[in-house]
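Q: Here it is: the structure, laid out below.
The values are calculated or read from the model by the stated rules, or taken from the named source; none is laboratory data. Bear in mind that the values here come from a model prediction, so they are computed numbers and not experimental data. Quick reminder, even Gly has a Cβ in these numbers, built from the backbone with ideal geometry, and neighbours come from all protein chains shown. With ligands, DNA and RNA removed, areas are computed over all heavy atoms of the protein, side chains included. Shrake-Rupley method; radii C 1.70, N 1.55, O 1.52, S 1.80 Å.
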Amino acid sequence: MPVIFRRKRKASNLAATVSELEEAVAVRDGDRTGRAFTAVINGVQSASDAERVPAGPRLAALLPAFPPTGPRPLLATAAGLCVERGADPVACAEPILDGVHQDLVDALEFARRWSAAGAADDELPEPDEKIIDDALSARLGGEAYEATRLALAWCSIESWQPPALAVLCRSAEVRRRHSSALLPACRELSALARHDLKCLAHALAVLDDEPLVVLHRPTGTGFEVRIGGIGINFQLHTLLAHVLVGGGHIPGDAPSAESVRLATDPEPARGRTRTIATGAFELLAPDGERIWNEGLPDDIPVVEGRRLLVLDEPTYRRSWNADRFFPLLPGTAELTRVLTSDETRTWFARTSPGDGIRQTS
């Protein structure tokens with residue numbers, strides 16, 4: 001198409017729109033805030049990345065000014081979109097993740113009250129705002145505003161997941177600061193089986209700069225490995241095979257260069273591939289129980305202050321798609337030290353073989 005027929009993109013002037021929202025919130029003008037809020041949400045969608053970068057922290061900073069019954073998840077999503085397009089995740093993280101934490105707590109309280117007020121076989125409701133009716137306050141107890149707040153948290157908690165992932169998957173510092181406070185509540189709510197919070201729980205459980213003692217039972221050798229940014233044990237499995245088998249420390253088939261690249265590439269993954277990784281080990285806890293590839297590095301037990309993982313011969317051949325769970329998170333696994341024979345024996349003394357797991361003589 002000739003250049004003269006190209007439509008010019010209308011400038012969104014996002015900075016001015018955000019300023020209007022900030023001023024409206026500051027003077028507590030509800031009508032003005034509503035209009036400015038709508039303009040901001042629309043403006044973020046049409047703005048350039050250069051505009052979104054400074055807007056992200058300003059939008060996140062407004063979150064505490066909005067009531068729990070207000071459109072906080074939508075505002076957080078706008079801030080998260082700015083992070084996805086280059087805004088500082090550290091500067092945006094605290095207001096977003098504070099909002100996540102509050103709604104996790106409120107959703108759990110909703111579940112507790114709903115269950116306490118119902119019959120023994122009365123299941124928790126689906127997260128649908130149709131539950132907010134005239135009978136809600138009587139069922140949950142307390143004032144109508146409180147009941148509405150708890151119900152809205154129950155209904156909207158999944159809406160917080162995208163902005164939370166935007167900051168968690170872009171900063172190890174954010175994960176270190178906030179994950180320990182959020183993860184227990186996230187797992188507790190997920191266990192109620194009414195919300196899909198798998199991605200949020202996985203992101204909160206990512207280990208960064210974590211020392212790991214790895215024992216290879218068939219050869220009786222031990223290693224100290226430092227891992228980070230690994231979203232799932234399939235990825236951990238590939239990287240341990242790369243470091244230990246590919247590094248010539250233990251026998252076996254090393255993973256392909258492409259499967260290692262997919263696990264570690266600092267550039268965000270783009271789309272799905274058909275690359276297949278093949279298992280080299282059985283991953284075991286110190287007591288001999290399996291550590292599932294579908295699980296997380298956080299599942300590896302801590303023994304004497306260190307996570308302790310045992311590798312054994314695989315009981316059957318496994319393979320999986322080599323794409324990583326979080327496209328934005330490159331995994332790392334670095335062999336920091338080969339353990340001495342005495343150290344290895346000491347660590348092996350803290351383990352026991354599981355059923356059907358072979359022992360060395």
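Q: Being assigned to a helix (DSSP H, G or I), modelled with pLDDT of 95 or more, crowded, with 19+ Cβ neighbours inside 10 Å and touching a Cys at 6+ places or on another chain (Cβ under 6 Å) narrows it down to one of Leu200, Leu182, so name that one.
A: Working: Leu182 fails: touching a Cys at 6+ places or on another chain (Cβ under 6 Å).
Residue meeting the stated conditions: Leu200.
Q: What are the residue pairs meeting all of these: first residue in the range 120-144, first residue without any contact (Cβ under 8 Å) to a residue 12 or more places away in the chain, second residue exposed (fewer than 15 other Cβ atoms within 10 Å of the Cβ), Cβ atoms under 6 Å, and 6 or more apart or on different chains?
A: As it stands, the answer is Ser137/Ala144, since those pairs meet every condition given.
Q: Which count do you get for residues in the range 203-229 that are in contact with a Pro (Cβ under 9 Å, 6 or more places away or on another chain) and part of a helix (DSSP H, G or I)?
A: 0
Q: A further question follows. Against the conditions (1) open to solvent by 30 Å² or more (accessible area, probe 1.4 Å); (2) in contact (Cβ under 8 Å) with a residue 60 or more places away in the chain; (3) not charged (D, E, K, R), where does Gly80 fall short? Just the number, please.
A: Answer for Gly80: the failing condition is (1).
Q: Looking at the range 85-114, which of the residues that are without any contact (Cβ under 8 Å) to a residue 40 or more places away in the chain and open to solvent by 60 Å² or more (accessible area, probe 1.4 Å) is nearest to Thr148 (Cα to Cα)?
A: Arg112
Q: Next up: Are any residues in the range 24-39 farther than 15 Å from Arg58 by Cβ and not polar (S, T, N, Q), and if so, which ones?
A: The answer is Val27, Arg28, Asp29, Gly30, Asp31, Arg32, Gly34, Arg35.
Q: Quick check on the range 275-297: of everything there that is among the polar types (S, T, N, Q) and either at pLDDT 95 or above or under 24 Å from the mean Cα position of the chain (by Cα) (or both), which residue is surrounded by the fewest Cβ atoms within 10 Å (Cβ to Cβ)? Can you show your working first?
A: Kept after step one, since they are among the polar types (S, T, N, Q), are these residues of the range 275-297: 275, 278, 293.
With either at pLDDT 95 or above or under 24 Å from the mean Cα position of the chain (by Cα) (or both) added as a condition, the list becomes 275, 293.
On the way: Thr275: 15, Asn293: 19.
Among them, the one singled out is Thr275.
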